[in-house]
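Colleague: Sharing a structure with you now.
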Amino acid sequence: MDNQVDVLMRHRWTFVAAGVYNIGWGLYAVADPQWLFRVAGMPPSNTPQIFATLGMVLGLYGVLYLEVARRPAHGWLPAAVGLTGKILGPLGLAYLILRDIWPPATLILIITNDLIWWIPFALYLRAAWPSYRATFNK
């Protein structure tokens, strides 16, 4: 079992980075909820509080990622929920782009928020699964 914990500890920095990134991104989205609209050349949103709320939620995900970093042997579920969001988010954005609701310039949103995390999160989940399963057998 010690080897399993050592393997999971190697993933600690992934979740420290993800936690710090998400908290920073969330704070910025709350402070400047129009930034994506400016960067993508879109008209300003008439409901910026929706984007600010998204920032709050993503910032809270950051707190969960820091908890995974703190206790990597017990972080399977929050990491799985996080990866699910990182897969569903790009699907939702693809829908908006394909329907010409949002411009392709908004793809910047998923590169840093989602795509770069797919492999590290998946590797962690693969390594953490046996320890997650073992918690139910006790």
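Colleague: Have a look at 17, 93, 78 and report the one farthest towards the positive end of the charge dipole of the chain, computed about the Cα centre with Cβ charges (Lys/Arg +1, Asp/Glu -1).
Modeller: The one lying farthest along the dipole's positive direction is 78.
Colleague: Next up: Quick check: Cα centre of the stretch 58-124 to Cα centre of the stretch 2-51, how many Å?
Modeller: Answer, in whole Å: 9.
Colleague: To one decimal place, what orientation-averaged projected area in nm² is obtained for the convex hull of the Cα set of the stretch 2-136? Don't skip to the end; give the middle numbers.
Modeller: Values: hull surface 33.5 nm².
Average projection, Cα convex hull of the stretch 2-136: 8.4 nm².
Colleague: Turning to a different aspect of this structure: Only Cα pairs under 8 Å and at least 6 apart count here; give the relative contact order of the chain as a rounded whole percent.
Modeller: Details: 153 pairs, mean separation 42.3, N = 138.
The normalised contact order for the chain reaches 31 percent.
Colleague: Given the options 60, 130, 111, identify the residue whose Cα lies farthest towards the positive end of the charge dipole of the chain (+1 on Cβ of Lys, Arg; -1 on Cβ of Asp, Glu).
Modeller: Comparing the listed Cα positions along the dipole, 130 ranks first.
Colleague: Could you go through the stretch 89-98 in sequence order and give the Karplus-derived ³J(HN,Hα) for each residue, using 6.51 cos²θ - 1.76 cosθ + 1.60 with θ = phi - 60°, rounded to whole Hz, and x for Gly and Pro?
Modeller: With the stated coefficients, the stretch 89-98 comes to x, x, 5, x, 5, 4, 4, 4, 6, 5 Hz.
Colleague: A further question on this structure: Let me have the 222 nm mean residue ellipticity of the chain computed from DSSP H runs of 4+ only, each contributing -39500 (n - 2.57), with the sum over all residues rounded to the nearest 500. Let's see the in-between values first.
Modeller: Values: 6 runs with 100 residues, N = 138.
Value at 222 nm, helices only: -24000 deg cm²/dmol.
Colleague: Pull up all non-local amide H partners of residue 102: gap of 5 or more, or a different chain, and H-to-H distance under 5 Å with H placed in the peptide plane.
Modeller: 97
Colleague: Let me ask something else. Compute the long axis of helix 116-136 from its Cα atoms, compare it with the longest principal axis of the Cα atoms of the chain, and write down the angle in degrees, 0 to 90, nearest 10.
Modeller: Around 40 degrees separate the two axes.
Colleague: Taking the Cα centre of the chain as origin and charging only Cβ (+1 Lys, Arg; -1 Asp, Glu), how large is the dipole, in debye to the nearest 20? Intermediate values should be presented prior to the final figure.
Modeller: Values: 10 positive and 6 negative charges, 65 e Å.
Approximately 320 debye in magnitude.
Colleague: Identify, among 121, 3, 36, the residue whose Cα sits farthest towards the positive end of the charge dipole of the chain, taking +1 on the Cβ of Lys and Arg and -1 on the Cβ of Asp and Glu, with the dipole about the Cα centre.
Modeller: Looking along the dipole axis, the top candidate is 3.
Colleague: Using the Karplus curve 6.51 cos²θ - 1.76 cosθ + 1.60 with θ = phi - 60°, work out ³J(HN,Hα) for each residue of the stretch 63-73 in order, rounded to whole Hz, and write x for Gly and Pro.
Modeller: The phi angles translate into 4, 5, 5, 5, 5, 4, 5, 5, 10, x, 6 Hz.
Colleague: Further question: Can you run phi through the Karplus equation (6.51, -1.76, 1.60; θ = phi - 60°) for the stretch 18-24 and list ³J(HN,Hα) in whole Hz, with x for Gly and Pro?
Modeller: So the Karplus estimates, Gly and Pro as x, are 5, x, 4, 4, 5, 5, x Hz.
All of the numbers you see were taken from the coordinates with simple rules; none came from a lab. From a predicted model like this one, the values you see are computed outputs, not experimental measurements. Heads up, the Cβs are rebuilt from the backbone with ideal geometry, glycines too, and the neighbour counts pull from every protein chain shown.
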